[in-house]
Every structure is written in C-alpha cells, then in structure tokens.
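Shown next, in structure tokens, is the structure this report addresses.
The values are calculated or read from the model by the stated rules, or taken from the named source; none is laboratory data. Computed from a predicted model, the values in this text were never measured in an experiment. Here the Cβ is made from the backbone with ideal geometry for all residues, glycine too, and neighbour counts use every protein chain on show. Each accessible area value is taken on the protein alone, full model and side chains, heavy atoms only, with ligands, DNA and RNA left out. Shrake-Rupley method; radii C 1.70, N 1.55, O 1.52, S 1.80 Å.
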Amino acid sequence: MQFGNWEEGYENPRHCSFDLVETTNGNEDFLRNIGFKIEDLGIDNFVVELKRGMIQYNITDEESIQMFLANCMVETGGTDLLEINKNNGDAGSGLIQVTGEAQYRFLKMVLARYEEGSPEWEEIKAICRDFEDANGNYVGYNSTNNSGVTPKDYIAEHYPIESAVWF
C-alpha cells in the first residue's frame with residue numbers, strides 16, 4: 001500500500017501494508033509510522049478492533065483502507081479521540097470526529113441493538129433525547145436536556161472505532 005511520506009528506516013517506504021487478514025506487529029508498526037500513537041488513544045486491542053470494524057463495514061480494498069486511515073489520522077492527530085478546543089456537547093469524537101446529527105444517527109443505530117428498558121438502552125436513549133424535541137424529532141444537540149453525559153464523551157469512550165467505520 002502506498003501511503004505518503006514515511007519516516008526513515010523502511011527499506012521501501014512507499015509500499016507498506018496494513019493487513020486485514022494476518023495478526024502481526026506489522027500493523028502496529030504501520031500505524032505508528034503514519035503517526036498514530038496507539039497507546040495514547042487508550043483503546044484496548046486497538047489494531048484487532050480496528051481491523052474488525054474495517055471488515056464489518058467493508059473498508060477492505062487498498063484505496064478504501066488508505067482513505068479511511070488517512071482520514072482517521074487527520075481527524076485525531078494520531079492521539080485524540082475528542083475534538084480539540086471544543087467545549088460544547090456538539091464537538092466531535094472518535095477516530096473520525098463525528099458531530100451533531102451524525103452523532104445522533106450513530107447513537108440511534110446503536111440503540112436499536114439493545115432491548116428497550118435495559119441499562120444500556122436507557123443510557124443511550126437519554127443521550128439521544130438531548131438531540132430531540134418533546135415529540136422525539138431531531139432538532140440538534142441541546143445540553144439543557146442534560147442526560148448527564150455528552151454525546152462526544154460517550155462515543156469517544158464506548159464507540160471510537162465503530163463510529164468511524166460506520167461514518
């Protein structure tokens with residue numbers, strides 16, 4: 001896979017692959033060499049989870065892998081799952097910093113996985129209500145509804161990879 005300018009030390013710096021099949025340390029090296037600071041992201045089994053998500057959402061050919069990883073790198077700077085210098089609840093989160101209506105649509109998709117009334121369903125539904133009017137229609141994020149958790153924090157903590165591959 002060709003991927004921009006690489007740090008010195010690779011014999012053929014323009015052809016290094018991110019392998020979706022094999023579980024190798026080469027993937028961690030690949031991500032580090034394009035700027036990801038894997039440990040700073042704070043995601044357990046980052047490479048395994050990233051590969052799982054990419055396969056699930058069909059990010060599997062060379063071009064889509066390149067575009068996805070490049071976008072993640074630009075969005076996070078390689079280290080931050082929350083958008084920098086944003087203090088409102090509509091700030092972005094995840095490997096691709098989803099915001100606003102995309103946060104809402106993603107959380108509604110996740111909500112559908114859980115049984116109504118379960119603790120997970122209740123937690124996500126409360127966050128979704130922060131985006132809705134009294135009739136349940138999307139109107140944009142409203143921190144005065146106050147579920148107690150901002151969507152950006154919830155997504156960054158629980159779904160940083162899946163929100164990116166979904167987006």
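Odds and ends about this structure:
- Some residue of the stretch 30-40 being part of a loop (DSSP other than H, G, I, E, B), under 19 Å from the mean Cα position of the chain (by Cα), modelled with pLDDT under 80 and charged (D, E, K, R): no
- Qualifying residue in the stretch 6-27 (condition: out of contact with any Pro (no Cβ under 9 Å at 6 or more places or on another chain), more than 16 Å from ILE161 (Cβ to Cβ), at pLDDT below 80 and not in a loop (DSSP other than H, G, I, E, B)): yes
- Residue list for the stretch 92-145, restricted to those being open to solvent by 80 Å² or more (accessible area, probe 1.4 Å), over 26 Å from CYS72 (Cβ atoms) and of a type in the set (A, V, I, L, M): ALA134, VAL139
- Residue among ILE155, ILE96 that is at pLDDT 85 or above and among the β-branched types (Val, Ile, Thr): ILE155
- Subset of the stretch 25-45 (residues that are under 22 Å from GLY92 (Cβ atoms) and either touching a residue at least 12 places away in the same chain (Cβ under 8 Å) or in contact with a strand residue (DSSP E or B) (Cβ under 8 Å, 6 or more places away or on another chain) (or both)): LEU31, ILE34, GLY35, PHE36, LYS37, ASP40, LEU41, GLY42, ILE43
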